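No value in this document is a laboratory result; all are computed from the given coordinates. Just so it is clear, the model here is predicted, and its values are computed rather than measured. In this analysis, Cβ positions are derived from the backbone assuming ideal geometry, glycine residues included, and neighbour counts consider all displayed protein chains.
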Amino acid sequence: MRLINMTAFPVVVRASDGTDTAYPPCGVAATVLYKTVQLLNFDGIPVPIAQCGKGEILYLFPSAPETLYIVSLPVALAAYPARKDLIYPGILAEDKPIRDAIGKVVAVTRFRAPC
């Protein structure tokens with residue numbers, strides 16, 4: 001199984017034995033187009049609410065045999081259920097990502113798939 005990183009940043013996976021495997025960006029970052037769907041007012045401050053739509057994905061490689069693509073959560077959700085070959089880094093507390101002293105994720109311990 002191949003993993004291709006279609007995000008704009010390196011993804012490091014930390015195995016249970018503590019070893020790290022880095023997946024550098026492939027050079028093409030898949031993205032989702034957003035559109036402003038409404039403008040809300042919070043304490044006198046107008047705040048636009050953006051929403052991504054299904055099928056508005058840019059730069060996503062086509063499916064390939066024995067290949068999974070690491071993408072952002074918005075890309076994975078926008079492509080689901082048509083694309084089941086997309087995964088995204090697990091960065092929630094329950095995923096137990098590895099963070100540095102200021103809280104930045106430096107490695108993940110698992111990936112997630114949309115459902």
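Subtracting the Cα-Cα distance of Y34 and A50 from 0.36 nm times their residue separation leaves 5.2 nm of extension gain. Here the Karplus curve 6.51 cos²θ - 1.76 cosθ + 1.60, taken at θ = phi - 60°, turns the phi angles of segment 97-110 into couplings of x, 8, 10, 7, 4, 9, x, 6, 5, 10, 7, 10, 9, 6 Hz, with x standing for Gly and Pro.
Calculated [222 nm] ellipticity per residue, helices only, for the chain: -1500 deg cm²/dmol; basis is -39500 (n - 2.57) per DSSP H run with n ≥ 4, divided by all residues, nearest 500. Summing Lys and Arg as +1 and Asp and Glu as -1 over all other residues whose Cβ lies under 10 Å from the Cβ of Y69 gives a net charge of +1. Under 5 Å between amide hydrogens, built in the peptide plane, is the criterion, and for F111 it picks out G90 among residues at least 5 positions away or on other chains.
Considering only the chain, what is the antiparallel percent among its DSSP beta bridges, to the nearest 5?
Working: 18 of 26 bridges.
If we restrict to bridges inside the chain, about 70 percent are antiparallel.
Net charge of the neighbourhood of L3, taken over other residues with C-beta under 11 Å away and scored Lys/Arg +1, Asp/Glu -1, is -1. The string of couplings for segment 65-70 from the Karplus curve (6.51, -1.76, 1.60, θ = phi - 60°) is x, 6, 10, 10, 10, 7 Hz, one whole number per residue in order, with x for Gly and Pro.
Each Lys or Arg adds one and each Asp or Glu subtracts one; over the other residues with Cβ under 11 Å from the Cβ of P89, this totals +1. Largest first and in whole Å, the equivalent-ellipsoid semi-axes of the chain read 27, 21, 12, each the square root of five times a Cα gyration tensor eigenvalue.
Spin-label model, Y59 to V106: label points 7 Å out along the Cα-to-beta-carbon direction sit 2.7 nm apart.
Note down the magnitude of the dipole of the chain about its Cα centre, charges +1 on Lys and Arg C-beta and -1 on Asp and Glu C-beta and zero elsewhere, to the nearest 20 debye.
140 debye
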